[in-house]
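As structure tokens, the structure follows; a few thoughts come after it.
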Amino acid sequence: MKIHEYQAKELFDKYSVPTVKALVCRDAESCAAAWRELGSPLVVVKAQVLTGGRGKAGGVKLARSEQEVRECAGSILGMDIKGFIVDRVMVAAGVEILSEYYISMVTDRNTKSVIMILSREGGMEIEEVAAKTPEKIIRIVIDPLTGVPDFVAREAAFTLFDDFSHVKQAVPLIQNMYRLFTEKDASLVEINPLVTTKDGKVVALDGNMTFDDNALYRHPDIESIFEPTEQEKKELDAKSKGFSYIHLGGKIGCMVNGAGLAMATMDMIKLYGGEPANFLDIGGSSNPGKVIEAMKLLLSDREVNVVLINIFGGITRCDDVAKGLIEAFKTITTNVPVVIRLTGTNEREGLEMLKGTPFHSASTMGEAVGTAVKLSKSLSN
Ligand code: GDP
Ligand code: MN
């Protein structure tokens, strides 16, 4: 779950991570009022959308008068940034920037820890810095038992700053950032840029946080500000139907019974050179209703050009599944080809029933995935 910059900064405030005074507005009039209230000769008007790269898209603008604030608000509100429509902006006191830095804390699979990522090349997209000049990115693994004691915070602070007065400010900032990360079960806290100002301060000019969805139940304050994206709404809807569904962005829609098999199916698709559109575990049972719901879910993804159904018949019998599928597809009209792999109990009977249907049936995973990838590629061209 993601939150907006202004919400992240409210949490920064609570955790004594220094930010700049700011107000959130939904129209030009309240932006003008914010300008008057802030009383700063320079303000920045920033789009609040659940995606990065706002600066590049023209969603961050500086203003030096009430008139300019109105103009900036007018041009940013309603803007489309990577498919997100801006419905609110943050008006913040402007900062005279000396230098921009990058700092984040993120859960890392390789080290099975939270790691701190630091760079003196802040402000721009960190992926770009990582690709072009990887040596400019420093990673520090945080030991979960000790957290961030003073010496680790100092080591981190010195990778960013030479000036001791900046280091002194960064040490508690880093420790508070980690406290926020762990206490709120975040999966990411990112400040890009963290800046030094002309008057000698170190402040978070931007803030980005994501949270572990599985821990939201113990953070009602975070859950209450959840604004699901279209994708997340779909995932929640799937959850309410008893599926576990994760959107992945590829072209091959997958319908599988069992989480392990679903993972293996995605791996196989990758191995054969394709891209899975999703993870979908429909659980046991051959209930046609479930298949219909799952197909609707897969086909609602416009990117999907092939559906791969991979079923292992254990207690669930393959002939029952075949019957369920045939039944389900009586009510589904689609041009998207469907590849079915059925194996296990009553496999032969199941495959027999699928003969003469428009499904591409297969009895091995390799055959099914190979067919799905080939079809998907030919349809993409
Ligand atoms: P992002 O592009 O979505 O990551 O938005 P940011 O909040 O990181 O802002 C992008 C850039 O705008 C920053 O890297 C700064 O260079 C600039 N910027 C943001 N706020 C201020 C400010 O208060 N004063 C000045 N001078 N520049 C700012
Ligand atoms: Mn940023």
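The values are calculated or read from the model by the stated rules, or taken from the named source; none is laboratory data. A quick note: this is a predicted structure, and the numbers were derived from the prediction, not measured. So basically every Cβ, Gly included, is an ideal-geometry build from the backbone, and we count neighbours across all protein chains shown. Just so you know, the surface numbers come from the protein's heavy atoms only, side chains and all, with ligands and any DNA or RNA stripped out. Shrake-Rupley method; radii C 1.70, N 1.55, O 1.52, S 1.80 Å.
Quick rundown of the values:
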{"read-out": "Protection proxy ranking, peptides 319-328, 132-141, average beta carbon neighbours within 10 Å, highest first", "value": "319-328, 132-141"}
{"read-out": "Ordering of 369-375, 64-70 by burial proxy (mean other Cβ atoms within 10 Å per residue, highest first)", "value": "369-375, 64-70"}
{"read-out": "Relative contact order (%) - the chain, alpha-carbon pairs under 8 angstrom, separation at least six", "value": "12 percent"}
{"read-out": "Whole-percent carbon and sulfur share, accessible surface of the range 289-340, 1.4 Å", "value": "54 percent"}
{"read-out": "Residue 21 accessible area, assembled protein chains, probe 1.4 Å, Å²", "value": "120 Å²"}
{"read-out": "Rounded Å value of the spacing that divides the Cα centres of the range 296-374 and the range 47-85", "value": "47 Å"}
{"read-out": "Among 44-57, 212-225, the order from most to least packed when residues are scored by Cβ within 10 Å on average", "value": "44-57, 212-225"}
{"read-out": "Protein accessible area in the range 236-275, 1.4 Å probe - carbon and sulfur %", "value": "62 percent"}
{"read-out": "Average accessible area per residue (Å²) across the range 136-203 - probe 1.4 Å, nucleic acids and ligands excluded", "value": "46 Å²"}
{"read-out": "Simple Cβ-charge dipole of the chain, Lys/Arg +1 and Asp/Glu -1, about Cα centre, in debye nearest 20", "value": "540 debye"}
{"read-out": "Of 35, 306, 51, farthest towards positive along the dipole that unit charges on Lys, Arg, Asp, Glu beta carbons give the chain", "value": "306"}
{"read-out": "Accessible area of the range 311-381 divided out per residue, in Å², using a probe of 1.4 angstrom", "value": "54 Å²"}
{"read-out": "Heavy-atom accessible surface of the range 128-210: percent carbon and sulfur, 1.4 Å", "value": "56 percent"}
